[in-house]
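Beneath this line is the structure, given in structure tokens, with notes to follow.
The values are calculated or read from the model by the stated rules, or taken from the named source; none is laboratory data. As the structure is a prediction and not an experimental result, all values here were calculated from the model. Here the Cβ is made from the backbone with ideal geometry for all residues, glycine too, and neighbour counts use every protein chain on show. In case anyone asks, the SASA skips ligands and DNA or RNA and just uses the protein heavy atoms, side chains included. Shrake-Rupley method; radii C 1.70, N 1.55, O 1.52, S 1.80 Å.
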Amino acid sequence: MPPIKNITAQDLYEKLKNIKLGASCCQYSLKKCEELVPLINKINRLKAEQNAVILAHTYVTPEIIYGVADHVGDSYGLSKKACETSAQKIVFVAVRFMGETAKILNPEKEVLVPARDAGCTLADSINGEKVRELRKQFPEHTFVCYVNTTVDVKAECDVCVTSSNVYNIVASIPSDKIYFLPDQYMGQNLIFEMNRRGVKKDIRYYHGSCTVHEEIPAEEIDHIRQEYPDVVVVAHPECKPEVCQKADFIGSTAQMFSFIKNSTAKDFLMLTECGLGHRIKVENPGKNLVGTCRICDFMKSNSLEDIYRVMTDPAPHERVVIEESLRLKALKSIEAMFQFSD
Ligand code: 13P
Ligand code: SF4
């Protein structure tokens, strides 16, 4: 059995005490850490006993990230970790499409998704049947799906991408006709970026959106720049084009994290979910984060209680099960992504 990670309330508090931004669910006193630690250590013991690994997206709550997660990252990084792990059980603390991606890559492993509300407004905006209709309408287009899609959508597409590789992959696809789905704003940002790079492609896109990133207004950047003239603005490519075009850096969650970590600037405005700010506050406390951040209720619906419960008594819907022929079709689009990314 691997060693059991045992943490103290003081250890946890030392990590989490600097987190001040976001909802009250993500603010910590020593007393709150004392309450959390017994369950954290029970989960860590279960992980060792069950040969399980916990993969957590950066957007989930800090007590999960710093208490029980083995790997923390963005959708691309976590799908890579899902491929590499030797654990028999994967507890994917994020939303359902990420657990599905892990299952597509690891059919022999048990994949559990503990989120109470494991949806995602992007993944829920389109299904496989709609993609089949679109393919009839645009028969000459290469269909590129964002990873924030369900398995039946991935199965109908040619190449999957994530926010970390969408621009490079689309630029390298030989076809000059691309249908991108489901995020309309990422589609518009993609057109802008291809034009900037001088890459000529006819790009169509679907009308889905992430309600968390969609609500970020471009004016917020102007207000913050007036108050902090040297502020560096980082944005996720799910933000609207008028936001991305005013940002200094656009990237996935992990790319924004590395950019801020390696930057010599002091003040940052992060136009994304609050979880990234929490990690910056814990892992790079010298950086000053200005402005507000947004909460993804789906990601934040993960709790320590539900992680413990899925590891001991999972409900049928918390176990990811994918029919084999569908899995193999979806796998092709994910493998195409890895081939373009290598
Ligand atoms: P990342 O690829 O940055 O993990 O983004 C996934 C996501 O859901 C962002 O809203
Ligand atoms: Fe989906 Fe948006 Fe939440 Fe990401 S932040 S999981 S895209 S709803």
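All told, residue 242 falls short of being over 24 Å from residue 54 (Cα atoms), within 12 Å of ligand 1 (Cβ to nearest atom) and either part of a helix (DSSP H, G or I) or of a type outside the set (Phe, Trp, Tyr) (or both). Name the residue that is farthest from residue 223 (Cα to Cα), counting only residues in the range 267-315 that are in contact with a Gly (Cβ under 8 Å, 6 or more places away or on another chain) and away from ligand 1 (no atom under 16 Å from the Cβ). Filtering the range 267-315 for residues that are in contact with a Gly (Cβ under 8 Å, 6 or more places away or on another chain) and away from ligand 1 (no atom under 16 Å from the Cβ), the one farthest from residue 223 (Cα to Cα) comes out as 304.
Within the range 289-331, being free of Cβ contacts under 8 Å to residues at least 12 places away in the same chain and farther than 30 Å from residue 42 by Cβ holds for 323, 325, 328. Looking at the range 46-94, the strands (runs of 3 or more DSSP E) lying wholly inside it that each contain 3 or more residues that are more than 12 Å from ligand 1 (Cβ to nearest atom) and hydrophobic (A, V, I, L, M, F, W, C) sit at 52-57, 89-93.
Here is a yes/no grid of residues against (1) modelled with pLDDT of 95 or more; (2) of a type in the set (S, T, N, Q):
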{"site": "220", "(1), (2)": "no, no"}
{"site": "226", "(1), (2)": "yes, yes"}
{"site": "232", "(1), (2)": "yes, no"}
{"site": "237", "(1), (2)": "yes, no"}
{"site": "241", "(1), (2)": "yes, no"}
{"site": "245", "(1), (2)": "yes, yes"}
{"site": "248", "(1), (2)": "yes, no"}
{"site": "256", "(1), (2)": "yes, no"}
{"site": "260", "(1), (2)": "yes, no"}
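Screening residue 118 on (1) surrounded by fewer than 22 Cβ atoms within 10 Å (Cβ to Cβ); (2) modelled with pLDDT under 95 shows it passes everything except condition (1). Taking residue 117, is it in contact (Cβ under 8 Å) with a residue 24 or more places away in the chain, of a type in the set (D, E, K, R) and farther than 30 Å from residue 312 by Cβ? No: the conditions fail for residue 117. Taken over the range 59-73, the criterion of being of a type in the set (Ser, Thr, Tyr) and under 13 Å from residue 295 (Cβ atoms) is satisfied by 59, 61. Quick check, is residue 230 surrounded by fewer than 23 Cβ atoms within 10 Å (Cβ to Cβ), among the acidic types (Asp, Glu) and in a loop (DSSP other than H, G, I, E, B)? Judged against the criteria, residue 230 is a match. Would you confirm whether any residue within the range 279-289 is buried (at least 19 other Cβ atoms within 10 Å of the Cβ), within 16 Å of ligand 2 (Cβ to nearest atom) and assigned to a helix (DSSP H, G or I)? The answer is yes; a qualifying residue exists. Residue 102 passes every criterion in (1) closer than 22 Å to residue 335 by Cα; (2) away from ligand 1 (no atom under 16 Å from the Cβ); (3) under 21 Å from the mean Cα position of the chain (by Cα); (4) open to solvent by less than 20 Å² (accessible area, probe 1.4 Å) apart from (2). Candidates are the residues of the range 171-213 that are away from ligand 1 (no atom under 16 Å from the Cβ), of a type in the set (A, V, I, L, M, F, W, C) and without any contact (Cβ under 8 Å) to a residue 60 or more places away in the chain; the one that is most open to solvent (accessible area, probe 1.4 Å) is 192. When residues in the range 245-264 are screened for being assigned to a strand (DSSP E or B) and within 16 Å of ligand 2 (Cβ to nearest atom), 1 of them pass.
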